Amino acid sequence: MISPASLSPTEAAARLEEFTVIDVRAPGEYASGHVPGALNIPLDRLTEAVPAVKSASARGSLLVVCASGVRSTRACEILADADIDAATLTGGTSAWEGEGHGLDRPVGARTTWPMERQVRLAAGSLVVAGLLAGRRFPAARWLSAGIGAGLVYSAVSNTCGMAAALSKLPYNRAPHSAAGLDATLDALQG
């Protein structure tokens with residue numbers, strides 16, 4: 001598969017009005033700050049949004065964004081499989097903000113950690129817990145082994161089951177006042 005086109009934050013900012021921007025982070029991450037004008041379609045819901053995204057792509061270019069560029073690259077691959085061209089933002093919202101471009105933050109939105117950081121905390125904590133419990137109960141070391149194997153699989157497959165599970169937690173969901181996926185899909189349909 002061909003890698004999706006990527007734009008630096010400076011390139012994307014200069015052409016931002018040309019794009020329909022899709023943020024594929026969890027709703028809680030999106031609510032804590034996103035590229036101006038971005039619409040939120042979590043990566044785990046992207047396949048059901050393909051018809052609406054295809055409609056939007058017929059009207060103009062798509063830019064897909066996440067926290068670091070990993071999930072947006074995966075999203076571009078999913079869209080490419082559906083014959084939809086999209087570019088990814090190199091370095092994601094972290095690089096965007098790091099280069100001095102502003103993020104939209106809804107009033108009253110709480111800040112959540114980026115998903116990659118949440119995964120590192122959860123995986124590291126589970127490995128340490130397995131090793132500590134393994135001092136008393138040797139079989140508990142299998143927890144650490146399982147997490148390690150999951151991380152290897154995650155790297156090889158470029159997917160993350162732990163991120164999918166963490167995205168379901170209440171603090172990673174959109175605030176009650178935020179528009180849901182249906183509203184986003186309606187906006188994409190034009």
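The values are calculated or read from the model by the stated rules, or taken from the named source; none is laboratory data. Here the structure is a predicted model, which is why all the values come from computation and not from measurement. Cβ coordinates were reconstructed from backbone atoms using ideal geometry, including for glycine residues, and neighbour counts include every protein chain displayed. Quick note on the areas: whole protein, heavy atoms, side chains included, nothing else; ligands and nucleic acids left out. Shrake-Rupley method; radii C 1.70, N 1.55, O 1.52, S 1.80 Å.
A few points about this structure:
- Single match in LEU103, LEU89 (criterion: loosely packed, with under 15 Cβ neighbours inside 10 Å and closer than 19 Å to LEU16 by Cβ): LEU103
Conditions (1) within 22 Å of GLY91 (Cβ to Cβ); (2) modelled with pLDDT of 90 or more, marked per residue:
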| position | (1), (2) |
| --- | --- |
| ARG110 | no, no |
| MET115 | yes, no |
| ALA122 | no, yes |
| ALA140 | no, yes |
| GLY150 | no, yes |
| ALA155 | yes, no |
| GLY190 | no, no |
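- Test: residue in segment 157-173 that is closer than 30 Å to SER57 by Cβ and open to solvent by 90 Å² or more (accessible area, probe 1.4 Å): yes
- Checking each residue in segment 71-85 for being open to solvent by 20 Å² or more (accessible area, probe 1.4 Å) and of a type outside the set (Asp, Glu) picks out ARG71, THR73, ARG74, ILE78, ALA80, ALA82.
- Contact annotation: residue pairs with Cβ atoms under 7 Å, 6 or more positions apart or on different chains, pairing a residue in segment 17-37 that is farther than 24 Å from GLY60 by Cα with a partner that is open to solvent by 30 Å² or more (accessible area, probe 1.4 Å) and aromatic (Phe, Trp, Tyr), are GLY28/TYR171.
- Selection status of SER61, small (Gly, Ala, Ser), out of contact with any helix residue (DSSP H, G or I) (no Cβ under 6 Å at 6 or more places or on another chain) and open to solvent by 10 Å² or more (accessible area, probe 1.4 Å): no
- Taken over segment 63-76, the residue count meeting the criterion of being in a helix (DSSP H, G or I) and among the hydroxyl-bearing types (Ser, Thr, Tyr) is 2.
- For the residues PRO42, PRO27, PRO36, PRO9, the requirement of being open to solvent by 10 Å² or more (accessible area, probe 1.4 Å) and more than 18 Å from ARG173 (Cα to Cα) singles out PRO36.
- Helices (runs of 4 or more DSSP H) (entirely within segment 77-190) containing at least 2 residues that are under 18 Å from the mean Cα position of the chain (by Cα) and without any contact (Cβ under 8 Å) to a residue 24 or more places away in the chain: 115-136, 141-157, 161-166
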